[in-house]
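The values are calculated or read from the model by the stated rules, or taken from the named source; none is laboratory data. Note that the structure is a prediction, hence the values are computed from the model and not measured. Glycine also receives a Cβ, built like all others from the backbone with ideal geometry; neighbour counts cover every protein chain displayed. For accessibility, only protein heavy atoms count, side chains too; no ligands or nucleic acids. Shrake-Rupley method; radii C 1.70, N 1.55, O 1.52, S 1.80 Å.
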Amino acid sequence: ENGCSESQRDDDGDGVPNFIDRCPDTAEGAQIDENGCSPLQLDGDDDGDGVLNSVDVCPNTPEGALIDANGCAYKAPKIFKQSFERIENSRDDETDEINILLGRIVTEDTNAVSATAAGEITLTIEAGEDSELFRIENGALYLVGRLDYEDKKKHEVIIKATNDKGLSASQKMILKVQ
């Protein structure tokens, strides 16, 4: 075929003639060894995550998961449940702007290899019954609305933490009115 003898043919185009090619279906452009085999053909990638079995720390990665260089799926950040307490402020002067620091929101980047290599975590307030009473700034939760002990003794807000991989987790924070 094409004027080539059988000893000259190279059906997969990897530069190794068929008669000595141990891996006759090498992908186009793949790096190969002297036998015409790519690392993927020799080692394999059983879970299909793009990391060779020999270096895959997490050999059963779920299909489509965002992975690190070790073949392990990235995880959502942790956000720790917290409770805060405040004295009611409904009787304060109506013209006063309310902006009371309740506390820092504690999160953890579960993908960080060290404390200094932690990725950025973005915090947002999810819409809900009491969400208008709160705001977040620089990782801290602030009260921006009025509280009345006789109306409601406990307010809840859902905080969502999203890491730099786009993965997120949510946690309920509770504000007890005294």
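Brief remarks on what is shown
- Boolean, L147 is in contact (Cβ under 8 Å) with a residue 60 or more places away in the chain and in contact with a Leu (Cβ under 8 Å, 6 or more places away or on another chain): yes
- Subset of the range 143-178 (residues that are among the hydrophobic types (A, V, I, L, M, F, W, C), touching a Ser or Thr at 6+ places or on another chain (Cβ under 6 Å) and open to solvent by 40 Å² or more (accessible area, probe 1.4 Å)): I158
- When the residues of the range 89-102 are filtered to those that are polar (S, T, N, Q) and surrounded by fewer than 14 Cβ atoms within 10 Å (Cβ to Cβ), the one that is modelled with the lowest pLDDT is T95.
- The residues of the range 23-49 that are of a type in the set (A, V, I, L, M), in contact with a helix residue (DSSP H, G or I) (Cβ under 9 Å, 6 or more places away or on another chain) and crowded, with 16+ Cβ neighbours inside 10 Å amount to a single one, I32.
- Some residue of the range 103-121 being at pLDDT below 90, surrounded by 14 or more Cβ atoms within 10 Å (Cβ to Cβ) and farther than 30 Å from A69 by Cβ: no
- Matching residues, the range 4-22, being surrounded by 10 or more Cβ atoms within 10 Å (Cβ to Cβ) and part of a loop (DSSP other than H, G, I, E, B): C4, R9, D10, D11, D12, G13, D14, G15, V16, P17, D21, R22
- Among residues of the range 63-88, those that are over 18 Å from T162 (Cα atoms), among the small types (G, A, S) and surrounded by 11 or more Cβ atoms within 10 Å (Cβ to Cβ), counted: 2
- Cβ separations smaller than 6 Å between residues 6+ apart or across chains give the following pairs from the range 62-86 residues that are on the phi > 0 side of the Ramachandran plot to residues that are buried (at least 17 other Cβ atoms within 10 Å of the Cβ): G71/D49; G71/V51; G71/D56; G71/T61.
- For C37: the one exception among (1) under 22 Å from N111 (Cβ atoms); (2) in contact with a Ser or Thr (Cβ under 8 Å, 6 or more places away or on another chain); (3) not acidic (D, E): (1)
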